[in-house]
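Please read the structure below before turning to the comments.
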Amino acid sequence: DDTYMTGHVGLRYIWSENASSYVSVARGHASQIFPLFGYPVGGKLDDAYPASESWTYEAGTKLSFLGGRAQIDAAVFYNDISNGVVTYYDPAALSFRTLYQDYETAGFELQGRAMLTDRLSMNGGVGYTHTELGSEGSVAGIDGNRVPNIPEWTANLGLKYARPLTIAGSAGDLSMGLDWQYASSRKADVQEAFE
């Protein structure tokens, strides 16, 4: 059984028909779960992890220009998580582990889209995320370490071509796309033993 309250509030200001900005705050909750890779001992399961709670803060701006043929979106964020479930690989045990731990993430995202021609569009983006494990949780001595499996840098770039097409009297579209994605190295375990 679990009783909790979550909520979200946001405020958006429209500067013009081509520009707007927003701020938002949200309170989240994730109910208790059992360890993902727990093993019964003497017929008894491990105790459930405590419920996770979060505060999320975000601010951003959306810009449109060239008559709506191009758009840029930018946002910054901060997340404060208590008792968040973290899954990682434990090289000493040669197996995956889960734990609950306080942690924080903060960063920014920048993305854009543009119509290069009536049939060819391009999109791209870059993101940065700083993560930090806290001192409260199921494992001691890892505060300040990075959260496993979250890259600091991400980037993407894509091209898409689309045109109307009629085959045997049936109308449709022909579309092709090419995408490139990048994710920087990330820690694989909470002790930061390897990436």
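Points worth noting:
- In this calculation the C-beta distance from HIS29 to GLU132 is compared with R0 = 22 Å, giving a FRET efficiency of 0.55.
- Contact order normalised by residue count of segment 41-182, Cα under 8 Å, 6+ apart, percent: 17
- A crude spin-label estimate for the pair ARG186 and TYR89, with each label 7 Å from Cα along the Cβ direction, gives 1.3 nm.
- Between ILE167, ILE14, ILE142, the residue with the greatest mean-square fluctuation in the GNM of the chain (Cα pairs under 10 Å linked by springs) is ILE167.
- Taking LYS62, LYS160, LYS44 as the candidate residues, the one with maximal mean-square fluctuation in a Gaussian network model of the chain, Cα springs under 10 Å, is LYS44.
- Here r is the Cβ-Cβ distance between VAL76 and ASN149 and R0 is 30 Å; the resulting FRET efficiency, rounded to 0.05, is 0.85.
- Accessible area of segment 1-78 divided out per residue, in Å², using a probe of 1.4 angstrom: 73
- Taken per residue, the accessible surface of segment 147-195 reaches 71 Å², heavy atoms only and a 1.4 Å probe.
- Taking only the C-alpha atoms of segment 1-148, Rg followed by Dmax gives 20.8, 68 Å.
- Computed FRET value (nearest 0.05) for SER20 with VAL139, which takes r as the C-beta separation and R₀ as 45 Å: 0.60
- For segment 79-123, the dipole from Cβ point charges (+1 on Lys and Arg, -1 on Asp and Glu) about the Cα centre works out to 280 debye, to the nearest 20.
- Ratio Rg/Rh, restricted to segment 66-195 and using Cα atoms, in which Rh is the Kirkwood radius: 1.19
- Nearest-20 debye value, the chain charge dipole, Cβ charges on Lys, Arg, Asp, Glu: 1000
- Accessible-area composition of the chain, carbon plus sulfur, in percent [1.4 Å probe]: 56
- Choice from TRP180, TRP153, TRP55 showing the highest fluctuation, given a GNM over the chain with Cα pairs closer than 10 Å: TRP180
- Listed residue (SER20, GLY10, SER31) projecting farthest to the positive dipole end of segment 1-106, Cβ model: SER20
- Put a plus charge on the Cβ of each Lys and Arg, a minus charge on the Cβ of each Asp and Glu, and nothing anywhere else: the dipole of segment 22-86 about its Cα centre is then about 260 debye.
The values are calculated or read from the model by the stated rules, or taken from the named source; none is laboratory data. It should be emphasised that the depicted structure is a prediction, and the values quoted were computed from it without experimental measurement. No Cβ is skipped: glycine too gets one built from the backbone with ideal geometry, and neighbour counts run over all protein chains shown. Surface areas here come from the heavy atoms of the whole protein model, side chains and all, with no ligands, DNA or RNA. Shrake-Rupley method; radii C 1.70, N 1.55, O 1.52, S 1.80 Å.
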